[in-house]
1. Hey, fewest Cβ within 10 Å first, where do 139, 120 land in order?
2. What shape does the range 1-77 take by its C-alpha gyration tensor, where a ≥ b ≥ c are the square roots of the eigenvalues and a/c under 1.5 counts as rounded, a/b above b/c as prolate, and the rest as oblate?
3. What list do you get for 56, 142 if you sort them by fewest beta carbons within 10 Å?
4. Over the range 1-77, what is the relative contact order in whole percent, taking alpha-carbon pairs under 8 Å and six or more residues apart?
5. Please list, by residue number, every one of the trypsin sites (Lys or Arg not before Pro) in the range 3-51 that is coil in DSSP and has at most 12 other beta-carbon atoms within 10 Å.
Amino acid sequence: MEDFDAVFREYYSDVFRFLRGLTANESLAEELTQETFFRAFRTIDSYRGESELRVWLCSIGRNLYYSHCRKQKHMTGSDIPEDLAAEDADLSELIADKELAFRLHKVLHTIREPYKEVFSLRIFGELSFREIGSLFDKSEHWACVTFHRAKAMIYEQIKEESE
């Protein structure tokens, strides 16, 4: 299917970056990204167009990641992480430094849902607040507020660790 090839080429890197940020594991992100597109190809007829295609693909990837975690017994259904998102320059600098990025991922996995997921969608998935709100069936404003609260939680934990 030529149209799906175009979808794959256009959205592959977005879905991969989102999953890499969510998993903090490049090879797992690669595997989940491939499975995401395989599942999307099989179920493209179920896409209703209520959200952007990229958002739909990322939600498939997120669900695959949660299923993977349950299978690995890393978490139960109630332990599913919340992805967080941030956009400030100093946070981007944190991510650019590998050691600090690792610390950020450690802190990120201690934050409760939905803050963790909103933060990850914004920072690693590079989704807009409108797209994030759509994923959660919430408003753009809700996504923005949730993101900023998540960012404050992360800064506070990093500050506490540094003391």
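Taken together, the values in this text are just the output of simple stated rules run on the coordinates, not laboratory data. Fair warning: this is a prediction, and the values are worked out from it, not measured in the lab. With ideal geometry, Cβ positions are generated from the backbone for all residues, glycine too; neighbour counts draw on all protein chains shown.
1. Placing the least packed residue first, the sequence is 139, 120.
2. Cα axes put the range 1-77 in the prolate bin.
3. Working: 56 22, 142 16.
Fewest-to-most Cβ neighbours within 10 Å comes out as 142, 56.
4. 32
5. Answer by residue number: 48.
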